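Structure first, then comments.
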Amino acid sequence: MMISGDAFYELAIVLSIAAVVGAIGLKLRQPLIVSFLVAGIMVGPSGLRIIENYEKIDLLAQIGISLLLFVVGLRLDFHMIRTIGPVALATGLGQVIFTLAIGFLIAVSLGMPVVSAAYVATALTFSSTIIIVKLLSDKKEIDSLHGRIAVGFLIVQDIIAILSLIILTGLGWGLGGSGSHALKTFVMISRGLIFLVGIVLLMRYVLPLFLKYLAKSQEILVLFSITWAVLLAATGSMLGFSKEVGAFLAGISLATTGYREAIGARLVTLRDFLLLFFFINLGSRLQINILETQLLPAAIFSVFVLIGNPLIVMAIMGFMGYRKRTGFMAGLTVAQISEFSLILAALGVSLGHLNMQAMGLITIVGMITICVSTYMILYSAKLYNFFSPRLGIFERKSAHRETGRESSATKTEADIILIGLGNYGSEIAVNLIERRRQILAVDFDPQALSRWNKAGLEVVYGDIGDPEFIEQLPVNHAKWIVSTIRDIDLSLILLKILTDCHFKGKIAMSALDEKEARKLIKAGADIVLRPFQDAAEYAADAFTEAANLQTIEEDWPIAMNEIRLKTGSVFAGRALSEIPLRAQTGVSVLALSRAGKVYFELTPDFTIYPNDRIVMMGTIEQLLQAQQFIEQRQPADDEQKHSGFAMAGIGIAENSINCGRTLSELRFRQDYGVTVVGIQRGEEKIISPKADEIINRGDRLIVVGSKKSIERLKSLSCL
C-alpha cells in the first residue's frame, strides 16, 4: 500500500517519529521544543522526506500558535503587572535593550542586511516563559526570590514580544502595495481601534453572561474558547494584523472572567499538542545545506545569548542591591531564546522581510541555547559554586535588598536552625515552639518568611546552596541544624559546607526514600527525616484505629473520638489511674490503639505513651474538654531542656566491693538509670556484654544514659 500523498498516513508517521525523538529528549532532560525541531528536520526534505502535505501541517501549526497566544493573553495577570516591582521591570527592559543593541551590531558586522539584522536581534531578546517556569517548578525554585524575579521579567519580555508582533505586522502591511503610507497607516490605526472597541464592548456586556451560561457544560466552554481564539485570530488577520495578535486579544478578553483558570488548564495540553506541528513544520522546511552556511554566525550569537544575557541581568540586579547568587540564578533563565523568537522569525518570512537563511540561523540559535541553558539551570548550584569567586564585581559591598532581611536574624543565638518553611518545615516549627525551643528559621520564600515573622518567629532569608550565606548564620551556637529541603543535591552541598565550617552540633536532613537516606547518612547526617514514610505509617495506624472498629447502633446523645497523645504531654508515661479524665471531663476511656494494635480491656495500671490514640466516649462538649485536657504539655524547664543523652566511661577501683559481681546483680539500669553497653578490660573491648558478665578490678564500664544519671553515677565512691 502506497502512503505517498496520504495526509493521514503522513501524520501517523510524523507523530510516531516525534514521540520517539521526544522520549529520547526526555531522557536527556531536554525541552520538547528541541525534540520537535529535530523531528521536523528528520521528516523534511533534508531527512526522510515524509511530508508532502505541508498545507495540512501548516494549518495545524497556525491553530497551535493561535492557542499559544490565546493562553498567554488568558493568563496575563494585570495585578502582577502592576506589582511586578522595579527589579523585574528594570531587568526585563534592560536585558531587552542590551540584547537588541549588541545583537544588532553583531548581525550587521557579520554582513546581514539591516532588516534581517533587526529581526535576528529582536529574536535574541526573548526567553521561553514555558520552559523556565517548568524548570523552576521542577527544582522547587518558583517561589524563591530569584524565581519570582525571573517570572517577573519574563512577563515583561512576553509583553514586548506581543508588541513586536503588532509593530512588525503593521510594518509589513504598510510596505505592501501602492498608495500613500500615511493613508494606509491611518486606515490601519482606525481598524485597530474599531477592533479593540468591539472587544472591550463584548468584554463588558456580552462575554460574562455568555460564559456563565456556557459554564454549565465544561465541554461547551472549552469548545467556545477554542472557537473564540481561532475566530479572533482570523478577524485580526483579515483586518491587516496577524493571527497572533487576534488570538492574544481573544485571551485578554476572557482573562478578566472567573473562568480563565478552568479554560487555561484544559487548553494547555491541546496547545502543546498543536504546537508540535508548528515546530515540526518549521524544522521540516529547513534545509541542511542552508543550515551549514549559518553554523559560524549561529555559534557567535549562541555564545552571546548564553553569556551576555546572564551578565546584563547580574549587572542590573547587582546595581539594584541584590546578592551575586540571586543575580546569577536569575540570569541563567535568560540564557536562551524562546518559541516567540521562532514565531517572530516565521512572521518575518511570511511578510517577506526574512529569507530562509535568516530563519535557519534563528532556529539553530534556538536549538543550541535551549539545549545548553536547560543544563545550566538544572545544575545552577554547581555552576554557582564554581564561578562564585569570580562574581564579586556583580555585588555591592552592602547587598541591601537581601542583607537587610538578615541583619537582625543572623545575630540570634538559636538552639535549632530550621531550614525550609514549607508545609513540613512549618509543622516542625510549630512543634518546636511548643517545646519552647529557640529557633532561627531559614527560607528563600519571602511570603513564608513574612508570615512567620508576623507570628513572632526569628526568620532569615537565604538559600542553603550559598556557602557565603551559611557562613553568616550562627552555626557555632546551634545544637541542631534541621533541613526539611528534599533536594538531595542541595542537602549534600549543605552537609559539605557544614563540614568545612567545622560545625560541632547535630544535623538532621530530609530524604524522599531510603536510597537518599543512605547517601545523607554516609555524608555525615546524624538523623534523616522521612516525611512520606512517617506520614504513610501514621496513616496506616489511623486506618486501623479502635474507633473505626466501634459502631453506635442506639440513638443516644453520645459520641466517640480518638485523641492522639502528643509528645511532651504531661500524661505521657503515666498509668490510666493517674489521669483524672472522668473526674475532670466526664468522658470514659473505651480502648487504646498503639501502632495498629487495639487494646480494649484496659486496666487502671495501663501506661500510655506518646502517639498512643485513646478512644473516648461522651457528649460532644465533654470530648472537646477531654481533648484540651489530654493535650496539656509538660513545661520545658531549664533542667529538662539541657539534659541530654550521653555516653561515658566509669572506672572500677582496685578495692571496689563490686568486683566479682555480675552486671545483673549490680542493677545499673534499675538503680542508676544507665545501661552498660561495653567493658574496656585492658586491651580487650567487650561489646554488648551479657547480664552474667562478671566485673573485674580495673575494668572500665562504658555506660549510656542521661547526663544527669551519668554525673550522679560518677560521683559515687562505691564503684
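In this structure, does R266 turn out to be of a type in the set (K, R), touching a helix residue (DSSP H, G or I) at 6+ places or on another chain (Cβ under 9 Å) and modelled with pLDDT of 85 or more?
yes
Within the stretch 294-323, which residues are within 15 Å of V87 (Cβ to Cβ), of a type outside the set (A, V, I, L, M) and either outside the structural domain of P31 (by TED's automatic domain parsing) or surrounded by 24 or more Cβ atoms within 10 Å (Cβ to Cβ) (or both)?
Y322, R323, listed by residue number.
Consider only pairs whose beta carbons are under 7 Å apart and that are at least six residues apart or on different chains; among these, list those whose first residue lies in the stretch 428-442 and is under 18 Å from F469 (Cβ atoms) and whose second residue is assigned to a helix (DSSP H, G or I).
I439/A429; I439/L432; I439/I433; L440/A409; A441/A429; A441/W452
What pairs come up if the first residue lies in the stretch 620-645 and is closer than 30 Å to I710 by Cβ, the second is surrounded by fewer than 13 Cβ atoms within 10 Å (Cβ to Cβ) and at pLDDT 65 or above, and their beta carbons are under 6 Å apart, counting only those six or more places apart or on different chains?
none
Test each condition in (1) loosely packed, with under 13 Cβ neighbours inside 10 Å; (2) more than 47 Å from the chain's Cα centre (by Cα); (3) modelled with pLDDT under 85; (4) in a loop (DSSP other than H, G, I, E, B) for S656 and report the one that comes out false.
All conditions are met except number (1).
Of everything in the stretch 571-606 that's closer than 23 Å to N431 by Cβ and either more than 43 Å from the chain's Cα centre (by Cα) or among the acidic types (D, E) (or both), which residue is surrounded by the fewest Cβ atoms within 10 Å (Cβ to Cβ)?
For the stretch 571-606, the residue satisfying everything is R574.
Out of L276, L286, L267, L223, I need the residue that is crowded, with 18+ Cβ neighbours inside 10 Å, out of contact with any Phe, Trp or Tyr (no Cβ under 6 Å at 6 or more places or on another chain), more than 19 Å from Y119 (Cβ to Cβ) and not acidic (D, E). Which one?
L267
Every residue, every condition in (1) assigned to a loop (DSSP other than H, G, I, E, B); (2) on the phi > 0 side of the Ramachandran plot; (3) modelled with pLDDT under 85, yes or no:
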site	(1), (2), (3)
T567	yes, no, yes
Q584	no, no, no
T603	yes, no, no
Q622	no, no, no
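Considering only helices (runs of 4 or more DSSP H) fully contained in the stretch 280-390, which possess at least 2 residues that are within 30 Å of D489 (Cβ to Cβ) and over 25 Å from the mean Cα position of the chain (by Cα)?
The helices (runs of 4 or more DSSP H) meeting that bar are 295-303, 309-319, 356-378.
Return the total of residues in the stretch 660-719 being over 18 Å from A646 (Cβ atoms), surrounded by fewer than 18 Cβ atoms within 10 Å (Cβ to Cβ) and in contact (Cβ under 8 Å) with a residue 40 or more places away in the chain.
Number satisfying all stated conditions: 4.
The values are calculated or read from the model by the stated rules, or taken from the named source; none is laboratory data. What you are looking at is a predicted structure, and each value in this text was computed from that prediction instead of being measured. Glycine gets a Cβ as well: all are built from the backbone with ideal geometry, and neighbour counts include every protein chain shown.
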